[in-house]
Amino acid sequence: MNTTRFRTTEDGTTPVDLTEGAGAPSAAEAPSATEAADPADPADATEATEAEEGAAPSEGAASSRPHGPRRTHHDAPDTAADFAELVKLPEGCPERQRLQDCVVTAWLPMAHRLARKFRNRGESLEDLEQVAALALVKSVERYDPARGNAFETFAIPTIYGELKRHFRDNMWEIHVPRRVQDLRNRVRASMRELELTSSGRSPTVAELAAHSGLSEEDTLTGMEALQCFNSLSLDAPVSSEAGGGDASGDGAICLMDTLSSDENGYDHVVDREAVRSCLCRLPEREQRLLYLRFFRELTQSQIARRLGVSQMHVSRLLAAACRRVREEIDEERNAAA
């Protein structure tokens with residue numbers, strides 16, 4: 001037998017019929033726009049909740065509307081009396097903290113329900129529930145019942161905002177400015193809409209710019225940001241060698257193979273050719289000193305014994321020869337510039 005129960009919302013509006021077995025699904029059971037988003041792209045979570053947030057107006061928007069029947073959820077407890085008591089208690093009072101904890105505990109199922117709308121989008125459900133719980137705590141601390149709005153209409157946009165901020169600030173593997181993220185979302189939405197009307201043809205940059213109302217430069221920036229949410233492993237195969245197997249086999253070329261690396265040998269060749277002409281113009285004695293020191297790798301003391309001079313004299317001759325070569329190279333570079 002069906003039983004009918006009534007519960008009064010916090011703002012004192014018309015009671016809501018909670019008849020068991022009713023044919024219409026409840027707000028918690030109905031599929032939401034967030035759940036219909038593409039689960040393959042976690043960034044869809046920041047767009048798919050726009051329709052739902054319209055159902056839960058912000059504090060300022062709600063105050064401008066006349067009071068009437070307000071939608072509520074099965075997990076929305078009646079804590080109006082608790083909030084009225086919180087207003088009377090001073091800041092820092094242990095009783096106030098205890099009462100806030102009780103209110104947060106009562107509304108925690110609603111916060112977890114909102115977090116579940118963002119599941120399967122690249123973040124663990126436990127972390128999303130943690131973010132939603134922290135947003136709920138902020139909502140309880142900031143809520144003012146004197147404004148005449150139900151707590152639910154204030155908390156839901158706050159929790160949604162924190163969840164969307166979590167995806168925006170923590171889920172991108174490459175840091176992208178907020179402006180570029182917004183460009184990415186607008187370009188992606190235009191791309192999806194145009195693909196439905198272009199018989200499967202990919203839209204051009206000009207078409208995307210005209211549809212999204214952006215410049216072609218901003219459109220290109222948004223298209224580049226489409227590839228920045230997730231990163232590829234350097235071991236990911238990108239192509240295969242001719243006759244070396246498919247992209248998943250042993251003959252595949254990995255992303256690491258396509259990256260360039262520094263080759264110091266080229267710098268060595270350039271320096272050697274720059275010094276060659278300068279060395280040829282040095283006196284024979286200094287050429288021999290440089291040969292024994294840098295090509296035969298003899299010490300200054302060994303060179304001094306061979307030439308019959310002191311080690312200090314060898315050191316001065318080497319320093320003078322190197323300085324002359326360096327000055328000639330600098331003069332040649334300045335003349336070429």
| What do you reckon, how do SER199, SER301 stack up by accessible area (1.4 Å probe), largest on top? | SER199, SER301
| Hey, if we sort HIS211, HIS112 by accessible area with the 1.4 Å probe, largest down, what's the order? | HIS211, HIS112
| How much solvent-accessible surface does GLU207 expose, in Å² to the nearest 10, with a 1.4 Å probe and all protein chains in place? | 70
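For SER301 and GLU332 in one chain, what is 0.36 nm times their gap in residues minus the Cα-Cα distance, to one decimal in nm? Show your work: numbers first, answer last.
On the way: separation 31, 0.36 × 31 = 11.16 nm, distance 3.36 nm.
Separation in residues times 0.36 nm, less the Cα-Cα distance, equals 7.8 nm.
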| FRET efficiency for TYR266 and THR204, using Cβ-Cβ distance with R0 set to 51 Å, rounded to 0.05 | 0.80
| query | Volume per residue, Å³, of the convex hull around the alpha-carbon atoms of region 93-132? | reply | 54
| field | Zone of HIS74's modelled label, taken as backbone nitrogen in region 134-159 under 18 Å from a point 7 Å along Cα→Cβ | value | none
| said: Keeping all protein chains in the complex and leaving out DNA, RNA and ligands, what accessible area do you get for LEU290 with a 1.4 Å probe, in Å² to the nearest 10? | reply: 20
| said: Tell me which trypsin sites (Lys or Arg not before Pro) from region 101-144 have a DSSP coil assignment and no more than 13 other beta carbons within 10 Å of their own. | reply: none
| task | Leaving ligands, DNA and RNA out of it, rank TYR143, TYR266, TYR291 by accessible area with a 1.4 Å probe, largest first. | result | TYR266, TYR291, TYR143
| field | region 285-337 - convex hull of alpha carbons, volume per residue in Å³ | value | 68
| said: Per q in 0.09, 0.11, 0.12 Å⁻¹, report the Debye log10 I(q)/I(0) for region 96-244, using one uniform scatterer on each alpha carbon and no solvent. | reply: -0.47, -0.65, -0.73
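The values are calculated or read from the model by the stated rules, or taken from the named source; none is laboratory data. Please read all numbers here as calculations on a predicted model, not as lab measurements. Every residue, glycine as well, gets a Cβ built from its backbone with ideal geometry; the counts of neighbours run over all protein chains shown. Each accessible area value is taken on the protein alone, full model and side chains, heavy atoms only, with ligands, DNA and RNA left out. Shrake-Rupley method; radii C 1.70, N 1.55, O 1.52, S 1.80 Å.
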